[in-house]
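All remarks here apply to the structure that follows.
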Amino acid sequence: MQREDGELPVDSDVDVHFPRQRRELPDEPWAVLAAISLGGALGACARYGVDTALPHAPDAFALSTLLVNVTGCLLIGVLMVLVVDVWPRLVLLRPLLGVGFLGGFTTFSTHIMDAHDLLEAGRAGLTLAFLGANLAGGLAAAWLGVTLATRATRLRRSGRVRR
Amino acid sequence: MILLMVAVGGAIGAPLRYLTDRFVQIRHDSVFPWGTHTANATACLIFGFVSVLALPDWAYALVATGFLGALSTYSTFGYETLRLLEKKTWFLAFANAAASVGAGLGAAYIGAAFAAAL
């Protein structure tokens with residue numbers, strides 16, 4: 001599969017259809033893995049902070065999980081545009097912030113366990129609402145992030161915004 | 001102490017997701033994000049398993065909050081599903097969302113049942 005120039009990857013962690021991303025691990029394995037590791041540690045700690053600030057009972061809506069997931073989707077949308085369009089030469093930026101920080105900050109497994117706990121508590125309607133809110137919120141947020149960042153970078157390029 | 005455990009878990013989980021994703025993608029030339037799907041479903045399976053064990057707080061922080069939290073990702077899942085929609089591959093986008101949530105829940109129940117049976 002060949003990509004058009006300026007097209008965004010499908011997988012934000014690593015998309016091997018992009019030659020530079022395919023090469024990054026063999027080229028600089030330790031720098032890439034260390035950046036991901038550092039970002040992952042910081043992202044997981046940030047999520048733990050949100051969890052601690054917004055605790056929820058097992059039979060209640062996990063607002064903290066929804067919040068980190070939607071925020072993370074917004075930020076990954078912005079980041080992917082910046083990585084491709086603005087800073088293509090900063091090769092460790094995506095591993096550090098995208099794969100590491102945002103990957104560690106957001107969580108699929110906790111969101112599934114939150115849904116599992118709601119189901120076990122007999123709250124099927126709330127389970128659907130929770131899963132739907134994560135999906136709809138995450139998709140809308142990622143779209144918003146990509147759209148806003150794309151507009152901002154185009155404005156900058158067309159010279160209407162002076163830096 | 002708890003925060004340190006979360007950090008250590010995250011520091012291991014995130015690069016493991018990257019390596020898993022890359023490993024899977026190189027072996028399956030497909031637009032469907034099998035790599036992320038594999039990491040997410042695996043994390044749900046193990047999370048279901050450990051949720052049944054009465055882990056002490058530090059171990060739960062290390063394994064569940066840190067490691068499994070970072071092995072799985074919602075930002076990549078959300079972004080991928082958006083990109084599949086933007087490419088007008090409607091079926092793949094729908095299949096990715098449905099299969100990820102469905103497989104995740106199924107895996108969590110299997111993991112929990114397995115731990116309970118031990």
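Taking beta carbons within 10 Å but only from partner chains, what does the mean come to for residues B:15-27?
Whole-number average of other-chain Cβ neighbours for B:15-27 is 6.
Please list, in order along the range A:72-79, the HN-Hα scalar couplings obtained from phi with the Karplus expression 6.51 cos²θ - 1.76 cosθ + 1.60 (θ = phi - 60°), rounded to whole Hz, x for Gly and Pro.
Coupling constants for the range A:72-79: x, 5, 4, 6, 5, x, 4, 4 Hz.
Any idea what angle helix A:29-53 forms with the longest principal axis of chain A, computed on alpha-carbon atoms, 0 to 90 degrees, nearest 10?
Approximately 30 degrees, to the nearest 10.
Rank these by accessible area, largest first, 1.4 Å probe: A:HIS111, A:HIS56, B:HIS28. Present the calculation step by step, with values, prior to reporting the outcome.
Numbers: A:HIS111 0, A:HIS56 70, B:HIS28 105 Å².
The ordering from most to least exposed comes out as B:HIS28, A:HIS56, A:HIS111.
What FRET efficiency comes out for the pair A:TRP30/B:ALA113, r = Cβ-Cβ distance, R0 = 51 Å, nearest 0.05?
Once the sixth-power term is evaluated, E becomes 0.80.
Just in the range B:40-117: which trypsin sites (Lys or Arg not before Pro) are loop by DSSP and have at most 15 other Cβ atoms within 10 Å?
B:LYS87, B:LYS88
Taking the Cα centre of the protein assembly as shown as origin, work out the dipole magnitude from +1 charges on Lys and Arg Cβ and -1 charges on Asp and Glu Cβ, in debye rounded to 20.
Roughly 1140 debye for the protein assembly as shown.
Please give the Cα centre distance for the range B:72-103 versus the range A:89-163, rounded to the nearest Å.
Here the answer is 12 Å between Cα centres.
Would you mind giving the mean number of other chain beta-carbons within 10 Å of the Cβ of each residue in A:132-145, as a whole number?
Working: counts 1, 0, 4, 8, 0, 1, 8, 8, 2, 4, 12, 5, 1, 4.
That average works out to 4.
What part of the accessible area of the range A:1-107, given as a whole %, is carbon or sulfur when the probe is 1.4 angstrom?
Heavy-atom surface of the range A:1-107 belonging to carbon and sulfur, 1.4 Å probe: 67 percent.
Give me the accessible area per residue for the protein assembly as shown, probe 1.4 Å, as a whole number in Å².
Values: 12750 Å² over 281 residues.
That works out to 45 Å² per residue.
Once the other residues with Cβ under 15 Å from the Cβ of B:TYR109 are scored (Lys, Arg +1; Asp, Glu -1), what is the net sum?
-3
In what sequence, largest accessible area first, do A:GLU7, B:GLU80 appear using a 1.4 Å probe?
Values: A:GLU7 50, B:GLU80 0 Å².
In descending accessible area the options line up as A:GLU7, B:GLU80.
Could you tally the net charge around B:ASN40, taking each other residue with its Cβ under 13 Å from the Cβ of B:ASN40, Lys/Arg +1 and Asp/Glu -1? Intermediate results must be reported in sequence, preceding the final value.
Values: positive: B:ARG17; negative: A:ASP11, A:ASP13, B:ASP21, B:GLU80.
My count for the surroundings of B:ASN40 gives -3.
With a Förster radius of 22 Å, plug the Cβ-Cβ distance of A:ARG154 and A:LEU90 into 1/(1 + (r/R0)^6) and report the FRET value to the nearest 0.05.
With a Förster radius of 22 Å, E is 0.65.
Roughly how many nanometres apart are two label points built 7 Å out from the Cα toward the Cβ at A:HIS17 and A:LEU144?
2.8
Mind checking the angle between helix B:2-27 and chain B's longest principal axis? C-alpha axes, 0 to 90 degrees, to the nearest 10.
So the inclination is approximately 30 degrees.
Could you work out, residue by residue across A:61-73, how many beta carbons of other chains sit within 10 Å of that residue's beta carbon, and then give the average as an integer?
Taking the mean over all residues of the peptide, I get 2.
Label the range A:28-147 by shape, choosing from rounded, prolate and oblate, from the square roots a ≥ b ≥ c of the eigenvalues of the Cα gyration tensor; if a/c is under 1.5 it is rounded, and otherwise prolate applies when a/b is larger than b/c, oblate when it is not.
It comes out prolate by the Cα gyration axes.
I'd like the orientation of helix A:124-158 relative to chain A: the angle between its Cα long axis and the longest Cα principal axis, in ° from 0 to 90, rounded to 10.
20
Under a GNM of chain B (C-alpha, springs under 10 Å), which listed residue has the highest mean-square fluctuation: B:ALA107, B:ALA93, B:ALA54?
B:ALA54
The values are calculated or read from the model by the stated rules, or taken from the named source; none is laboratory data. As the structure is a prediction and not an experimental result, all values here were calculated from the model. Because the Cβ atoms are built from the backbone with ideal geometry, glycine has one as well, and the counts that use them run over all protein chains shown. These accessible areas exclude ligands, DNA and RNA; they are computed on the full protein's heavy atoms, side chains included. Shrake-Rupley method; radii C 1.70, N 1.55, O 1.52, S 1.80 Å.
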